[in-house]
1. What's the number of the only condition in (1) touching a Gly at 6+ places or on another chain (Cβ under 9 Å); (2) in a loop (DSSP other than H, G, I, E, B); (3) surrounded by fewer than 24 Cβ atoms within 10 Å (Cβ to Cβ) that T289 fails to meet?
2. Run down V101, V61, V75 and say which single residue is of a type outside the set (S, T, N, Q), part of a helix (DSSP H, G or I) and buried (at least 18 other Cβ atoms within 10 Å of the Cβ).
3. Given the residues F155, F122, which is the only one that is modelled with pLDDT under 95 and touching a helix residue (DSSP H, G or I) at 6+ places or on another chain (Cβ under 9 Å)?
4. If T50 passes every condition in (1) open to solvent by 50 Å² or more (accessible area, probe 1.4 Å); (2) closer than 26 Å to T433 by Cβ but one, which one does it miss?
5. If we scan region 370-378, do we find a residue that is over 22 Å from the mean Cα position of the chain (by Cα), at positive phi and either among the polar types (S, T, N, Q) or modelled with pLDDT under 95 (or both)?
6. Only one of (1) open to solvent by 20 Å² or more (accessible area, probe 1.4 Å); (2) in a helix (DSSP H, G or I); (3) in contact with a strand residue (DSSP E or B) (Cβ under 9 Å, 6 or more places away or on another chain); (4) hydrophobic (A, V, I, L, M, F, W, C) is not met by A89, so which one is it?
7. Those residues that are under 17 Å from Y156 (Cα atoms) and either acidic (D, E) or in contact with a His (Cβ under 9 Å, 6 or more places away or on another chain) (or both), I need them from region 213-234; list them, please.
8. Pull out all pairs, ordered by first then second residue, where Cβ-Cβ is under 7 Å, the residues are six or more apart or on different chains, the first lies in region 49-60 and is at positive phi, and the second is assigned to a loop (DSSP other than H, G, I, E, B) and of a type in the set (G, A, S).
Amino acid sequence: MSSNKGGTVRRIISGCAALAAFAALSGAAFGAGSSGHGVVTLTLWHNYGTGGNAVATKNLVAAFEKQNPNIKINVVSQPGGNYFQLLQAAWIAHTAPDISVQWTGLFDTKYESQLLNLKNYFTASDLSKINGAKWASANFNPAQGLLVMPLENQFYIGFYNKALFKKAGIASVPTDWSQLFAACSKLKAKGITPIVYGADPQAIGPNPYPFYDLSYIAAGLWSPSQLKGLYTGQTPWTAPAVVKQISMWASMPKKGCTNSDVLTKTNILGAFMQGQAAMIIDGNWDTATLQKAMGSNVAPFLPPFTSSPQHGVVQYSGDGFAVSKQSSHQKEAVQFLKFLMTPTAQHIIAAAGLIPDIAGFKATNPLANEMLAFAKSGKVAYPMIDNVIQGDVVTTGTKQLDAALGGDISAAAALKSMKQTHDSLPANQRGSTYH
């Protein structure tokens, strides 16, 4: 083979790779449109990985297509680590998907200019049935229009292995730092890794997602309404109480509460299900997987990242589906969102191990019902903190808090970086009104 021909081959391969990359980025441009015979084809992007949310999405699309044979939806699973960057690039290039997974809270207000306001499509009666509609609406006010149709009622939550707790002689789940460290000592004495950390099971990124944990740290420090102080800066990230609690959290690896490779370990959900660790901090989206693998040997618990007994439960409609303003098939895309409120859709969501977000529908998974029992037992419901603080602060926190957990920097240094990011934001992004 001559070098010239070889160069041609390389250029062809490079060109194909570039086209493939562009196709992945601009899925809507390649998928959305009419495919003939009156069939409309939509593109849906999600960042759910392979968990229960992804299973529910796949099954919801299949059921919707069966009921609506004139509409086809191409489902594209995008990487969690740079999902929103891909979406922003697609919006700029005018190749955005018709439907995309969006996080609620400040995430939907951040991208509000690109999302179809659904005010004209859902009545006040419809909105009254949607749990957490406030956090999925413009200016956090349903009367100003829904931006995201929530997929489920979500929890950030911990799970523990009952058999491993029994083996270590732990009679009850820990409820604060002192009890947690005592439990860690008992588990380590039996050769059991207490809590497993590593790449996020929901594919948000290649490292731990610290805001599951930070949400419970926040619950131990403030009331739900006081969380706004983090948004405005009235409560700085470098406040002594915050530094103290994050320092406790970051000390867990050194105290033997975690695996040693917290920043690099993969398949942590599999490790937990195989009995390689006694606890994992995760979310309700993995309940079906856990229930199938572990049966009655697994149960949820409230992460005890607080100096006094944990009184909060992080329960929130954290994500769902939105329609792009750029979609040339908004009517059909909205039709899919309306379908999500039907009994058929809610039963599919429950069957995937998720907790239905529409009033009047129950979860089928025992673990999900145990989570719901926390709220009924008097625990205070908190939002997911990463949904009610600025996205730039979340991005900084993900990197810096992970570095603190890995022992690369101090908790104080991580929080200083988060404060610097917050303070550098435009004034209208840290004022009394959420933007």
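The values are calculated or read from the model by the stated rules, or taken from the named source; none is laboratory data. A quick note: this is a predicted structure, and the numbers were derived from the prediction, not measured. Using ideal geometry, Cβ is built from the backbone for each residue, glycine included, and neighbour counts are taken over all protein chains shown. Quick note on the areas: whole protein, heavy atoms, side chains included, nothing else; ligands and nucleic acids left out. Shrake-Rupley method; radii C 1.70, N 1.55, O 1.52, S 1.80 Å.
1. (2)
2. Step by step, each of V101, V61, V75 is checked, and only V61 is of a type outside the set (S, T, N, Q), part of a helix (DSSP H, G or I) and buried (at least 18 other Cβ atoms within 10 Å of the Cβ).
3. Of the residues listed, the single one that is modelled with pLDDT under 95 and touching a helix residue (DSSP H, G or I) at 6+ places or on another chain (Cβ under 9 Å) is F155.
4. (2)
5. yes
6. (3)
7. If the condition is that a residue be under 17 Å from Y156 (Cα atoms) and either acidic (D, E) or in contact with a His (Cβ under 9 Å, 6 or more places away or on another chain) (or both), then D213, A219, G220 are the ones that fit.
8. Pairs that qualify, where the first residue is at positive phi and the partner is assigned to a loop (DSSP other than H, G, I, E, B) and of a type in the set (G, A, S), are G49/G80; G49/A203.
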